[in-house]
1. Identify, please: which residue in segment 201-214 is surrounded by fewer than 20 Cβ atoms within 10 Å (Cβ to Cβ) and in a loop (DSSP other than H, G, I, E, B) and is, among those, modelled with the highest pLDDT?
2. On the given criteria, is residue 357 closer than 18 Å to residue 141 by Cα, at pLDDT below 95 and either in a strand (DSSP E or B) or under 19 Å from the mean Cα position of the chain (by Cα) (or both)?
3. Tell me, please, whether a residue that is surrounded by 17 or more Cβ atoms within 10 Å (Cβ to Cβ) and over 14 Å from the mean Cα position of the chain (by Cα) can be found in segment 503-517.
4. As an exercise: evaluate residue 146 against (1) free of Cβ contacts under 8 Å to residues at least 60 places away in the same chain; (2) crowded, with 18+ Cβ neighbours inside 10 Å and give the number of the one condition it does not meet.
5. Looking only at segment 244-263, filter to residues that are assigned to a helix (DSSP H, G or I) and within 20 Å of residue 125 (Cα to Cα); which one of those is nearest to the chain's Cα centre (by Cα)?
6. In segment 532-559, how many residues are closer than 14 Å to residue 472 by Cα, loosely packed, with under 14 Cβ neighbours inside 10 Å and in contact (Cβ under 8 Å) with a residue 40 or more places away in the chain?
7. Please work out which residue is nearest to the chain's Cα centre (by Cα), limiting yourself to segment 456-499 and to residues that are within 24 Å of residue 520 (Cβ to Cβ) and part of a loop (DSSP other than H, G, I, E, B).
8. Looking at 166, 128, can you tell me which residue is touching a residue at least 60 places away in the same chain (Cβ under 8 Å) and surrounded by fewer than 24 Cβ atoms within 10 Å (Cβ to Cβ)?
């Protein structure tokens, strides 16, 4: 149970009773009513804004709603006391038995505690990583991969039907340059001096391996042939090789993609034409001219009549071209087709995880999704800021193999997938992030990865010690939880009970990093309580009092279940012992 959602339902029932009694008008919208922990814990357990949000539509002062509403809420058996604060916020204090019942819920459900049906099986497509297959994944790709994967896991836990997708950008100029770069390395492998890699092509040494593989397979077959003959083969072989490497790196990171979609396959299959015709039927395509960008006019600016999409009708700043001067589709047209394809596959809700350099692309893509779905679909774009890899505050040197960046493989080899995943989620996705290799592995409270894992390991240690002393740890859901009366125990129970709310709130906001913040707070509370265990009155194992011992072991086990549940969302394996 999400206790806060439960109390929203209780509040709505009381408001409906007030309507039936003529104390409130009919037809009020209750959707903006919240129930959440008050900022000051001294005020109680639950605060609601009900009187505040209903005052204006009800034509009443907030206090005139809050006072009679509070009287009804205080009649609920789980409510000990309540008060009206400020202009009309209602604060409620609940019985300790209500919170102990939530602890029992956790003990019965184990690591599945916090699972929600909020999503009601609604289909959601989460597309992430989607790096151009022109080189190895780098650390910025790693951040997008982790954020996207954790968000998908979070939505699954919240009851959505989630598809994880990777869009392979295997069409256009960038992959043609990849093919040309591969051809140079192919000639080099056959003994030709290729000199300096021309500007605009890919200089990374990873292409030497690919060029050498083609030379070994084909010999001098492509030497002296026109580009039209060798480019498709070089491009295809390089893409295939690099995508295999990308998939291997993602699997090592613990990222398992459900669907890989090919841009080239979409284009060649007529998907762009289909999307274009759809927009045309809606009257959203026209021939026109665009004003030059404000400020300095780019060198490649063309004042010409173009095929334009009426993006401004859907919130964009300007209408957007769909065809280039040579008659080919623009990159934007291909992206429209891809999202049109997603919608046709049944995904009205789409989430894209992009790099920060695509920030200027968000409005036009949202406009396109609004158009191709007749405003029935929605696109949420999460931008991931750049990552700098540091060691003790110093920028780490670039990868020799990649030539210009630190690869995901470098990072995985250095610290392992669990550390990469958790560390990447200790900041909100749109905040710049320094990944310090030393701090990410140090054993201190300042390292959230270690601190949370240590919290879980401590719960397992307590259980092992209890077993060693001959104490049964099975069936702790039936332990006499009423024996948990210490203020620290009750506070820990309330924090455990917040987990279902955290899952639903983070899923609604599409913000998996909230899980990391919560896990850190829970681990901190448990470590603090464990330290108090050195005092006789709150030891986990109390000699001569089996009931208190089982109750306290139940609390420890529940902490472990919640940390395990949260780490599962992150795709991180909990450890039984810290080494």
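The values are calculated or read from the model by the stated rules, or taken from the named source; none is laboratory data. All values derive from a computational prediction rather than experimental measurement. Cβ coordinates were reconstructed from backbone atoms using ideal geometry, including for glycine residues, and neighbour counts include every protein chain displayed.
1. Restricting to residues being surrounded by fewer than 20 Cβ atoms within 10 Å (Cβ to Cβ) and in a loop (DSSP other than H, G, I, E, B), the top hit is 201.
2. For residue 357, the condition - closer than 18 Å to residue 141 by Cα, at pLDDT below 95 and either in a strand (DSSP E or B) or under 19 Å from the mean Cα position of the chain (by Cα) (or both) - is met.
3. no
4. Against the list (1) free of Cβ contacts under 8 Å to residues at least 60 places away in the same chain; (2) crowded, with 18+ Cβ neighbours inside 10 Å, residue 146 comes up short only on (1).
5. The qualifying residue nearest to the chain's Cα centre (by Cα) is 250.
6. Here the count works out to 1.
7. 498
8. Sole residue among the options that is touching a residue at least 60 places away in the same chain (Cβ under 8 Å) and surrounded by fewer than 24 Cβ atoms within 10 Å (Cβ to Cβ): 166.
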